[in-house]
1. Considering only residues that are part of a loop (DSSP other than H, G, I, E, B) and free of Cβ contacts under 8 Å to residues at least 40 places away in the same chain, look in the stretch 230-280 and name the one that is farthest from TYR174 (Cα to Cα).
2. Of the numbered conditions (1) of a type outside the set (Gly, Ala, Ser); (2) more than 30 Å from ASN68 (Cβ to Cβ); (3) in contact with a helix residue (DSSP H, G or I) (Cβ under 9 Å, 6 or more places away or on another chain); (4) outside any loop (DSSP other than H, G, I, E, B), PRO221 satisfies every one except a single condition; which is it?
3. Just wondering, is there one or more residues in the stretch 208-217 that are within 29 Å of VAL286 (Cα to Cα) and either in contact with a strand residue (DSSP E or B) (Cβ under 6 Å, 6 or more places away or on another chain) or part of a helix (DSSP H, G or I) (or both)?
4. Taking the stretch 235-282, which residues are acidic (Asp, Glu) and surrounded by fewer than 18 Cβ atoms within 10 Å (Cβ to Cβ)?
5. Which of the residues that make up the stretch 218-234 are surrounded by 15 or more Cβ atoms within 10 Å (Cβ to Cβ) and either more than 16 Å from the chain's Cα centre (by Cα) or over 15 Å from TYR190 (Cβ atoms) (or both)?
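Values quoted throughout were computed directly from the atomic coordinates according to the rules given, and no laboratory measurement underlies them. No experiment lies behind these values; they were computed from the predicted model shown. Please note: Cβ atoms are built from the backbone with ideal geometry, for glycine as well, and neighbour counts cover all protein chains shown.
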Amino acid sequence: MDLKRLLKRVKPGRGAVIGLPYLWLMVFFLIPFLIVLKISFAAQDVAIPPFTHLVSYGDDGTLNIALNLANFQFILTDALYADTYLSSLRVAFVTTLCCLLIGYPIAYAIARARPEIRNGLLLAVMLPFWTSFLLRVYAWMGLLNQNGLINQFLMATGIVHEPLQLFHNDFSLYLVMVYAYLPFMILPLYSHLVKMDLRLLEAANDLGARPLRAFWKITLPLSKNGIIAGAMMVFIPAVGEFVIPELVGGSDTLMIGKVLWNEFFDNNNWPMASAVATFMVLLLIVPIALFHRFETRQLEGEKHV
């Protein structure tokens with residue numbers, strides 16, 4: 001009887017602990033998203049944001065729903081928005097791929113380092129977070145521009161005779177993007193690699209597998225969840241990045257964050273900006289939800305087998 005009473009006491013507390021993250025997501029993600037979605041169906045007005053009532057009741061008690069789909073139709077028909085979305089996805093994909101190729105060896109080396117120096121290596125990875133993000137971007141501007149420290153050093157040593165074009169191009173864009181988001185890839189990978197059972201590699205070695213084959217067959221599959229988590233943590237914020245493309249990217253750099261800024265603050269077109277933001281969120285959430293569903297079904301199939 002005492003055990004039953006204890007379980008009854010634990011269940012409400014457990015439900016509260018589980019419900020807190022959902023409450024957080026509802027308050028700070030779902031409700032703001034619904035507000036943005038509501039504005040996206042409105043028409044541009046002098047008021048910012050436009051307070052258009054989408055749902056109203058007629059005198060005869062009928063329910064009237066007025067949805068302005070012109071903003072979404074314009075996004076689907078205007079080539080500028082299609083090019084912007086594709087450019088944002090391309091930049092985010094290349095950034096994620098570079099972070100994976102660079103971050104995986106770093107995470108692997110930290111996970112296999114001696115325990116007494118492992119915390120110090122992790123601290124070195126997280127150290128840039130102690131400095132303002134904007135300050136770090138400005139530091140890269142001082143390094144890469146035509147009169148920056150890198151060009152001054154190369155010209156002083158005689159390696160080059162004219163300043164290199166390292167600034168306001170795709171090179172500077174990808175370099176600073178990878179630098180900014182690399183820790184987001186390293187940390188999830190490290191958390192999975194450090195927990196891997198090394199006896200599996202010893203068994204593979206005893207069975208005659210070479211190190212590269214053991215890595216491909218054992219280490220890489222076991223770190224798949226870390227790769228997926230790191231890729232999401234890099235790809236999702238990189239798609240909507242505004243500061244880096246604006247400060248170090250070229251003038252022809254098309255990113256969705258810049259389009260949002262122009263629609264909100266230059267054109268004062270809140271409905272159009274909200275439609276662009278809504279379309280971007282759906283563009284990211286739908287593939288992730290489908291992938292998560294596929295992974296869940298795959299795991300259920302493996303359990304049944």
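1. Restricting attention to the stretch 230-280, the residues satisfying the condition of being part of a loop (DSSP other than H, G, I, E, B) are 240-242, 249-255, 267-269.
Now drop any that are not free of Cβ contacts under 8 Å to residues at least 40 places away in the same chain, which leaves 242, 252, 267.
Details: PHE242: 13, ASP252: 14, ASN267: 29 Å.
Here the answer is ASN267.
2. Failed condition: (3).
3. Going through the stretch 208-217, the residues within 29 Å of VAL286 (Cα to Cα) turn out to be none.
Scanning the stretch 208-217 turns up no residue that is within 29 Å of VAL286 (Cα to Cα) and either in contact with a strand residue (DSSP E or B) (Cβ under 6 Å, 6 or more places away or on another chain) or part of a helix (DSSP H, G or I) (or both).
4. Here is the first cut: in the stretch 235-282, the residues acidic (Asp, Glu) are 241, 246, 252, 263, 266.
GLU246, ASP252, ASP266, listed by residue number.
5. Of everything in the stretch 218-234, those that are surrounded by 15 or more Cβ atoms within 10 Å (Cβ to Cβ) and either more than 16 Å from the chain's Cα centre (by Cα) or over 15 Å from TYR190 (Cβ atoms) (or both) turn out to be ILE218, THR219, LEU222, SER223, MET232.
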